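> Right, I'll just put the structure down here and ask away after.
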Amino acid sequence: MSGQEQIRHHRKDGAEPPEETPVAPQAQTQISTEAVDSILDDIDSVLETNAEEFVRNFVQKGGQ
Amino acid sequence: MLSVTRVMGAETEFGISQPGRPRANPMRDSARVIDAYAGPRGLKSAQSFWDFDTESPLADARGFIMNEAQAHISQLTHLPQAQPDAQYLANVVLENGARYYVDHAHPEYSSPETLTPRDVVLWDRAGDVVALRSVEALAGGEEPVNLYKNNTDSKGASYGAHENYLVDRSVDFDELAACLIPFFATRQILCGAGRVGIGASGEEPGYQISSRADFFETEIGLETTLRRPIVNTRDEPHADPLLYRRLHVIIGDATMAEPATLVRFGATSLVLGLIEAGQCPRIELADPVAALQQVSHDLSLSAPLELADGSHMTAVEIQRMYWQAAAEAVGASADEDTAEVIEMWDRFLTDLAEDPMRLAGEIDWIAKLQLLTGYQQRESLPWNHPKLALIDVQYHDVRPSKGLFYKLEAAGRIRRFTTDAQVSHAVENPPEDTRAYLRGRVVEKFTDALVSASWDSLVFTTGGERHVRVPMKYPLKGTKSLVGEIVESAGSVGELLKSLGITTLEDSSPAVHRDRNEV
């Protein structure tokens, strides 16, 4: 899409980029996966069928 | 006594997509979205329906006006003809007093002015229903359109979810900005929407707290579409400029979870109250933009942010300082709305420090993270897997049948304040305690005679070429208690104007300004 806003984020501080695999909060180990289990059981029937195509096609023009 | 009550409003630019057709013109589709909603309801949808005469997007709060020649075309929002694809700039004023229109290739819902965080939540959510009904209206046709209440495509483009707060004009702007910058750099832990991918184009795999942080480049500035600033200086009060400024906040994420929206607006209103009272804690970050991104990328919430004096604080500690000052200024006898915000902000900070996952039912970035990590663990997917990017986008789908946020909420996983009935009512009816009441009721009752409208004006035709502009520079006028009986009993626009005390001069120019007869 022409004219699409392309704003790159430049790390100002020259510091290391965040860890390759961002560390989830400590608390994450305590997530009760049960809490979202029913949603997860159902999620594949709700998700758009072709994830790769959907994500590739989700192109927006910049806004405010 | 510090209170959370303040004139506030929320703007949502929706992500827009035609399934399977990434090259569809988003300006055209945005106009189709607006028209699909307005048409069947008999609401006027035209570029000229918004009264641009009162707009001044290039006025800078630092005391100057940007030259139009120096402005980026996207900043010339008061000159709609200057915009590319100008024929698609639909503008509608809804029965609830909101504005629904095409802004920068996105449909935007700007909520009516409200006074409490609870009401912001309600009329913001009404906008999500307006978006849903637009999608539904186009669903059966040849070019269906889907809308997403999110902020980025993770391909370099971002679009906003702005907030507006009426602020006492006498507050020094530099002071306002200095107090707000550390607050805004860290507020995302309370109300970030979460995002898969790090960097504006999501170039590094991972997850971050804010969907907007990677798109900000400077501390203070006028722009909203490029070189985005933490504090936006647009000085367009849409109200009496001698009394008020409108703080236009562009740094927030589009929140879907009602508790997060409540704290987002409530805590910000309280901090503005602290600044107005000269009681705001002074913290100075060494590099606010770097800190903003550092906080967003740190899911452990433990990153030490460097202050100007060389010491360090975490985002939670900085927020706790603002909370402390607000709690002290509020005192023991707070009104209900204020007490609720103080309590929730407090609890959010405690839980964020101890176990953020306790807030999976209240804050979007945590709800989404819990969903993503649950799915990730089941399927053993890396962060850069398209399924996770899909979940990230689909969390924000406005359709309850597809939107993962709505699935979670409907399953009781996310706390909700409003009911469907209240939201439906807010779609059709304005708040009663601001000028949005008059705007909304006039749209409902006298659409035929309404030539154009804006936040601070209504322009009527009274027959022939004559137009009458009713200025509404005072957001706390035009309320139900002030004009309710007049509006409800008026049988015609002539009667309405007469009862409001608006008189027109026989031989005046078509647009008659009646600044002394404010309603």
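Readers should treat all values here as calculations from the given coordinates under stated rules, not as data from a laboratory. Remember, predicted model here, so these are calculated numbers, not experimental data. Note: ideal-geometry Cβ built from the backbone for every residue, glycine included; neighbour counts use all protein chains shown.
> As an exercise, use a Förster radius of 22 Å and the Cβ-Cβ distance of B:Arg62 and B:Glu276 to find the FRET efficiency, rounded to the nearest 0.05. Please report the intermediate quantities before stating the final value.
Numbers: r = 19 Å, r/R0 = 0.85.
Calculated value: 0.75.
> Considering the options B:Ala178, B:Val135, B:Gly192, tell which one lies farthest towards the positive end of the dipole of chain B, charges being +1 on Lys and Arg and -1 on Asp and Glu at the Cβ, about the Cα centre.
B:Val135
> Looking only at Cβ-Cβ distances, which cysteines of chain B have no other cysteine closer than 4.7 Å?
Unpaired cysteines in chain B: B:Cys191.
> Under 13 Å from a point 7 Å along the Cα-to-Cβ line of A:Asp42: which residues of the stretch B:405-437 have their amide N that close?
B:405-414
> Here's a follow-up. List every residue whose amide H lies under 5 Å from the amide H of B:Ala257, counting only residues 5 or more places away in sequence or on a different chain, with H placed 1.01 Å from N in the peptide plane.
Amide H to amide H, under 5 Å and 5 or more residues apart or across chains, B:Ala257 pairs with B:Asp364.
> Helix B:480-489 against the longest principal axis of chain B: what's the angle in degrees, Cα atoms only, rounded to the nearest 10?
40 degrees
> Could you give the dipole magnitude of the protein assembly as shown about its Cα centre, charging the beta-carbon of Lys and Arg +1 and that of Asp and Glu -1, in debye to the nearest 20?
On the way: 54 positive and 88 negative charges, 208 e Å.
Roughly 1000 debye for the protein assembly as shown.
> Amide H to amide H, which residues 5 or more places from B:Gly197 or on other chains are under 5 Å from it, using H placed in the peptide plane?
Amide H neighbours of B:Gly197, under 5 Å, 5+ apart: B:Gly206, B:Tyr207, B:Gln208.
> Taking θ as phi - 60°, what are the ³J(HN,Hα) couplings along the stretch B:153-163 by the Karplus curve (6.51, -1.76, 1.60), each to the nearest whole Hz, with x for Gly and Pro?
Working through the residues one at a time gives 9, 6, 10, x, 9, 9, 9, x, 10, 8, 10 Hz.
> Still on this structure, please answer the following. Residue separation times 0.36 nm, minus the C-alpha to C-alpha distance between B:Asp355 and B:Glu203: what's the value?
On the way: separation 152, 0.36 × 152 = 54.72 nm, distance 2.89 nm.
Here the segment from B:Asp355 to B:Glu203 would lengthen by 51.8 nm.
> Using θ = phi - 60° and the Karplus form 6.51 cos²θ - 1.76 cosθ + 1.60, what ³J(HN,Hα) does each residue of the stretch B:228-234 get, whole Hz, x for Gly and Pro?
4, x, 4, 10, 8, 9, 4
> Something else now. Cα to Cα, under 17 Å, and not fewer than 8 places away if on the same chain: which aspartates and glutamates meet these conditions relative to B:Lys445?
B:Glu95, B:Glu428, B:Glu432, B:Glu485, B:Glu488, B:Glu495
> Would you grab the residues whose amide H sits under 5 Å from the one on B:Gly478? Only those 5+ places off in sequence or on another chain, please, with H modelled 1.01 Å from N.
none
> Just from its helices, what would the mean residue ellipticity at 222 nm be for chain B, if runs of 4 or more DSSP H residues each count -39500 (n - 2.57) and the sum is divided by every residue, rounded to the nearest 500 deg cm²/dmol?
Values: 14 runs with 188 residues, N = 519.
Counting only the DSSP helices, I get -11500 deg cm²/dmol.
> I want to check the label-to-label distance for B:Asp346 and B:Arg415. Put each point 7 Å from Cα in the C-beta direction and report it in nm to one decimal.
Label-label distance for B:Asp346 and B:Arg415, simple model: 1.3 nm.
> Taking θ = phi - 60°, what integer Hz values does the Karplus form 6.51 cos²θ - 1.76 cosθ + 1.60 yield along the stretch B:465-476, in sequence order, with x for Gly and Pro?
Along the stretch B:465-476, the couplings run 8, 6, 10, 10, 9, 9, x, 9, 7, 10, x, 9 Hz.
> By how many nm would the segment from B:Ala327 to B:Arg23 grow when fully extended, if each residue of separation counts as 0.36 nm and the alpha-carbon distance is taken off?
On the way: separation 304, 0.36 × 304 = 109.44 nm, distance 5.08 nm.
Additional length available on full extension: 104.4 nm.
> How many nm separate the modelled label positions at B:Glu485 and B:Asp174, each set 7 Å beyond the Cα in the direction of the Cβ?
Between B:Glu485 and B:Asp174, the simple spin-label model gives 5.1 nm.
> Could you work out how much longer the chain between B:Ile73 and B:Glu136 gets when fully extended? Use 0.36 nm per residue separation minus the Cα distance between them, nm to one decimal. All intermediate terms of the calculation are to be shown ahead of the outcome.
Working: separation 63, 0.36 × 63 = 22.68 nm, distance 3.27 nm.
The B:Ile73-B:Glu136 span can extend by a further 19.4 nm.
> So for the pair B:Glu317, B:Ala46, with labels modelled 7 Å out along Cα→Cβ, what separation do we get in nm?
Using points 7 Å along Cα→Cβ, the separation is 6.0 nm.
> Moving to a separate point now. In degrees, nearest 10, range 0 to 90: what is the angle between the Cα axis of helix B:436-446 and the longest Cα principal axis of chain B?
So the inclination is approximately 50 degrees.
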